[in-house]
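In what follows, a single structure is set out as structure tokens and then discussed.
The values are calculated or read from the model by the stated rules, or taken from the named source; none is laboratory data. Predicted, not measured: the structure shown is a model, and the values here were computed from it. Using ideal geometry, Cβ is built from the backbone for each residue, glycine included, and neighbour counts are taken over all protein chains shown. Heavy atoms of the whole protein, side chains included, go into the accessibility calculation; ligands, DNA and RNA do not. Shrake-Rupley method; radii C 1.70, N 1.55, O 1.52, S 1.80 Å.
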Amino acid sequence: MASELVIKNLHANIEGKPILRGVNLTVRQGEIHALMGPNGSGKSTLSNVIMGNPKYEVTEGEVWFKGENILEYSPDRRARMRLFLAFQYPMSIPGVSVANFLRRSLEAVREGNKPVEEGENPTGKMGKRKTVPPGEFRKLLQAKMKLLRVDNSFINRSINDGFSGGEKKRAEILQMALLEPEIALMDETDSGLDIDALRIVSESVNALTGPDLGILLITHYQRMLNYIKPDYVHVMFNGRIVKSGGRELALELEEKGYEWLRPTDDEVNEVTVDA
Amino acid sequence: MSQAFELEQGNYSAGFHVKENYTFKSGKGLTRKVVEQISEMKGEPSWMRDYRLKSLDLFEKRPMPTWGADLSDINFDDIFYYIKPVAQQGKNWDDIPAEIKDTFDRLGIPQAEQKYLAGVTAQYESEAVYHKMREDLEKLGVIFTDMDTALREYPDIVKEHFGSIVPASDNKFASLNSAVWSGGSFVYIPRGVRVEIPLQAYFRINAQNMGQFERTLIIAEPGSYVHYVEGCTAPSYTSNSLHSAVVEIKAMEGARVRYTTIQNWSKNVYNLVTKRAAAYRDATMEWVDGNLGSKVTMKYPAVLLMEPGARGDVLSVAFANDGMHQDAGAKITHLAPHTTSQILSKSVSKGTGRASYRGLVRINPGAHHTKSSVRCDALLLDENARTDTYPTIRVEENQTEIGHEATVSKVGDDQLFYLMSRGLDESEAYSLIVNGFIEPITKELPMEYAVELNRLIQLEMSGSVG
């Protein structure tokens, strides 16, 4: 059965300020959803909350993944269930090579999400895990790099340290390719990219799409959707999804902007009262 | 598995101890009689006996240092100054008593010897219990032995150099070491000989309230090269132990000496060590210093740049976990023109740990055309962790280039979330960030030691964090 990410009436705050005000959304393996909306509408917050960023406080609602409510799970445990977040601003970790990091991540993710009764505590702390032999890892990584046409020198550099904007985004896609998530959240993967870099990154994403991967593609602009064809398009405004449709909705947004979808004052008030 | 295993504390895997079955154990406390007894048991020449007694006087006269870490909890009357664990040193691991061999087995020393070392000395309490070096090096004239053996077999070389770099009067703990020293390494590399794989000494304390005072002397003749590595551990006890070594090194013209320490003392050890090297014309001296564990460490590896072209590097990592104070740094003295030095210090403080960088760079009059760069970076893992920097630079010459840089950073929540979002649990994410932070130093180590250092840090990190 295809894995499902189901978000139900999700409310979340940052530093006491409500950002998400009741999001409902379902993403299945094999589907591509584009989440669009103006700046500040809560798109990035949604992806961070789904992945478990402790900066945000969930005040109401549920996030189900593969039949489990994952809101109490630590981010690493969610990752080990094969949920993935491609960051808008990937962090640099000086002194840690991409290869070292990715081998550890791969080992961790391959361990999967062990049920609580088998010694896994809710914080997700892991015991001893199976190692991936260096030879096998190198082969796998090289295959993925070839697929994404990433330069070999990449893997010996420190994670994102001194990477250009485009390199950072490509490194995110490389991680995604290696860790083989079932659902990937891609947060503004197109931001900060010039036309050429956008094309390369989009082609990389397309190389990974298929029946085993569901994507929630967060973007402000329609331009990435020229390369990656979504099955569904959602528009977020003031912390809620205010409209959903097919690919044609993205084109309509391109033409008309977002303003026509702004909730009326009544709706906003109603939402605020909800929160 | 021995009963001792149960005594291990937390994540410190070297914290076990084994039963005592010793040839000789001195009474607690330090007296003239104890010093005489040590010298007599070792059958030393009278000059060494006199040297010890003179040093004891110096030790008694000097007050405790009032700068640096808090040493007020040391009770010199509560320490055993000399323990002779075995009657005779072994050249074969099977020659030494089972419980001692078992200890070194658990610390992985025989295995390391087989895989990647040119020679090993294993010291247990006050004496080296095992020693072996590859035969081909012996044929080249390389001497690697414990200090007591060296004093018997090479009395002239020892007499010429002993105390010439660190005099007994240098500081209170150098005086103490000079009075009660036992064990340590003596390394002599003949002219032009390059020892390409490391020589290692391993220092193990086993008894409670033990004082270990090894004394090391390394002479690298012109054009030679040696990499000497030391490791240290002790059992976890609730009472204090004292480790106070003196290390003296001479790197003669064009020689290069690298001295690497991976110390991992238990949390009850005061580690107060004096390490100093003299580098002559075009010689290079490198201290690579990894300080984990201990209750208090005060250690400032020093290089005297004696002649033009000499270079001194100090790379150090300190990890101060809960309740520890690592007061570590470096001391470089430029005594000649055209000399170069580099200090790179990385410290990590966790829990209530405190790491201090204390460094001195001194450019003496006449030491023109000298270059020195100092960089100290501190990483804080918790709100309560503490770091201090005490850099001193004294320049008495105009034509010098000096750089100094210091940074303090905290592990960011965003970095942690990023790594955890890739499946790494919190403690692995922390240790990866820490390993990355010290990578400029681990990359200088032979792979086995880099792996070991990273593994030790991972162990330190695997407790509760945050």
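Some observations on this one:
- Look at (1) under 26 Å from residue A:129 (Cα atoms); (2) at the interface with chain A (Cβ under 10 Å from one of its Cβ atoms); (3) surrounded by fewer than 19 Cβ atoms within 10 Å (Cβ to Cβ) and you find that residue B:418 fails only one, number (3).
- Strands (runs of 3 or more DSSP E) contained entirely in the range A:46-114, each with at least 2 residues that are modelled with pLDDT of 95 or more and more than 9 Å from chain B (Cβ to nearest Cβ): A:56-65
- Filter result for residue B:405 (open to solvent by 50 Å² or more (accessible area, probe 1.4 Å), away from chain A (no Cβ under 14 Å) and part of a strand (DSSP E or B)): yes
- Of the set (1) open to solvent by 10 Å² or more (accessible area, probe 1.4 Å); (2) of a type in the set (S, T, N, Q); (3) modelled with pLDDT under 95, all apply to residue B:284 but (3).
- In the range B:321-347, the residues that are among the β-branched types (Val, Ile, Thr) and under 18 Å from the mean Cα position of the chain (by Cα): B:332, B:343
- Any hit, the range B:257-264, residues being assigned to a loop (DSSP other than H, G, I, E, B) and in contact (Cβ under 8 Å) with a residue 24 or more places away in the chain: no
- Here residue B:426 meets the list (1) under 30 Å from residue B:310 (Cα atoms); (2) crowded, with 16+ Cβ neighbours inside 10 Å; (3) facing chain A (nearest Cβ under 9 Å) almost entirely, failing just condition (1).
- Considering the range B:282-352, the qualifying strands (runs of 3 or more DSSP E), each wholly inside and each with 2 or more residues that are acidic (Asp, Glu), run over B:284-293.
- The range B:95-114: number of residues that are more than 15 Å from residue B:17 (Cα to Cα) and among the hydrophobic types (A, V, I, L, M, F, W, C): 3
- Condition met for residue B:112 (within 22 Å of the chain's Cα centre (by Cα), in a loop (DSSP other than H, G, I, E, B) and surrounded by 17 or more Cβ atoms within 10 Å (Cβ to Cβ)): no
- Residues satisfying the stated conditions in the range B:66-99, i.e. free of Cβ contacts under 8 Å to residues at least 24 places away in the same chain, more than 21 Å from the chain's Cα centre (by Cα) and under 21 Å from residue B:295 (Cα atoms): B:66, B:72
- Note on the range A:23-53: residues that are open to solvent by 10 Å² or more (accessible area, probe 1.4 Å), small (Gly, Ala, Ser) and in contact (Cβ under 8 Å) with a residue 12 or more places away in the chain total 3.
- Only one of the numbered conditions (1) assigned to a loop (DSSP other than H, G, I, E, B); (2) hydrophobic (A, V, I, L, M, F, W, C); (3) open to solvent by less than 10 Å² (accessible area, probe 1.4 Å) is violated by residue A:163, and that is (3).
- Being part of a helix (DSSP H, G or I), open to solvent by 50 Å² or more (accessible area, probe 1.4 Å) and not aromatic (Phe, Trp, Tyr) is a property that holds for residue B:101.
- Selection count where residues are in contact with a Pro (Cβ under 8 Å, 6 or more places away or on another chain) and open to solvent by 10 Å² or more (accessible area, probe 1.4 Å), scope the range B:302-314: 1
- Residue within the range B:119-129 that is over 19 Å from the mean Cα position of the chain (by Cα) and either under 16 Å from residue B:44 (Cα atoms) or surrounded by fewer than 22 Cβ atoms within 10 Å (Cβ to Cβ) (or both) present: no
- Leading residue by the ranking (nearest to residue A:50 (Cα to Cα)) among those in the range B:429-457 that are of a type in the set (D, E, K, R) and away from chain A (no Cβ under 14 Å): B:452
- So residue A:197, is it away from chain B (no Cβ under 12 Å) and either in contact (Cβ under 8 Å) with a residue 60 or more places away in the chain or surrounded by fewer than 19 Cβ atoms within 10 Å (Cβ to Cβ) (or both): yes
- Under the condition of being within 20 Å of residue A:95 (Cβ to Cβ) and either within 20 Å of the chain's Cα centre (by Cα) or open to solvent by 40 Å² or more (accessible area, probe 1.4 Å) (or both), the residues counted in the range A:125-151 number 1.
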